[in-house]
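Values in this text are rule-based calculations from the coordinates and carry no lab data. In this text the structure is predicted, and so the values were computed from the model without any measurement. Cβ atoms come from the backbone with ideal geometry, glycine included; neighbour counts cover every protein chain shown.
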Amino acid sequence: IDTHEVLAAAGTKWNFLPFKPGLVGGHCIGVDPYYFTHKAQAVGCHPQIILAGRRTNEGMGPYVASELVKAMIKAGQTIANARVLVMGFTFKENCPDLRNTRVMDVVKELQDFGCQVDVADCWADNSEAEHEYGIKLIDEPEAGVYDGVLLAVPHKEYCALSTTELRSYLNAGGVLFDLKSVLPLGDADLRL
């Protein structure tokens, strides 16, 4: 069942809040629950649901990388030295802020699988990405060379690209993963 179809159906209820899957980072939502849970535990409360939510969010990076790798294997790609393009590195779209970006978790996991990862982000500052995370952003991805493309952060510039343009970065048999499901259903090989 497609996650966004479930959210659309649930949205027919008048008070439904559409929380969508993705990477939860940044300087607020990714951090503030820990202040609350620390204080709650200090006064004897054990906020299991909040802590479970944080564990889920913190596991999303490895999960996303694993799903991409599995799809690449099914498509006949060799994972060792596979080239993967990650589009977007900031913690959210249309924002230059790199604080606590969870995209780094995906990049690290893909590198642990043996992939060669290129990261592009038209909003992020290259020197900050390199200083904070050791990531040198690329300016323009090469056409036709990637085994996998992960549309991680849907900046407006990336959303303006057609599926054909996004797929032009892939080699034959390459896999397109639309993390936040911004492309029409069926246009990407994989989405959350």
Pairwise label distance in nanometres, PHE16 with ASP125, each label 7 Å out on the Cα-Cβ vector: 4.1 nm
Extension reserve of the VAL6-TYR35 stretch, reckoned as 0.36 nm per residue once the Cα distance is removed: 7.2 nm
MRE, 222 nm, helices only [DSSP H, n ≥ 4, -39500 (n - 2.57), over the chain, to nearest 500]: -10500 deg cm²/dmol
Sites GLN111 and THR164 - FRET efficiency at Förster radius 45 Å, r taken between beta-carbons, to 0.05: 0.95
Dimensionless Rg ratio for the stretch 127-192, taking C-alpha atoms and the 2.2 N^0.38 Å reference: 1.18
Which of TYR133, TYR34 has the fewest Cβ neighbours within 10 Å, and the rest in rising order: TYR34, TYR133
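Per residue, how much space in cubic angstrom lies within the convex hull of the C-alpha atoms of the chain?
137 Å³
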Above-threshold pairs, the threshold being 18 Å between Cα atoms, out of LYS20/LYS180; LYS13/LYS180; LYS70/LYS108; LYS136/LYS180: LYS13/LYS180; LYS136/LYS180
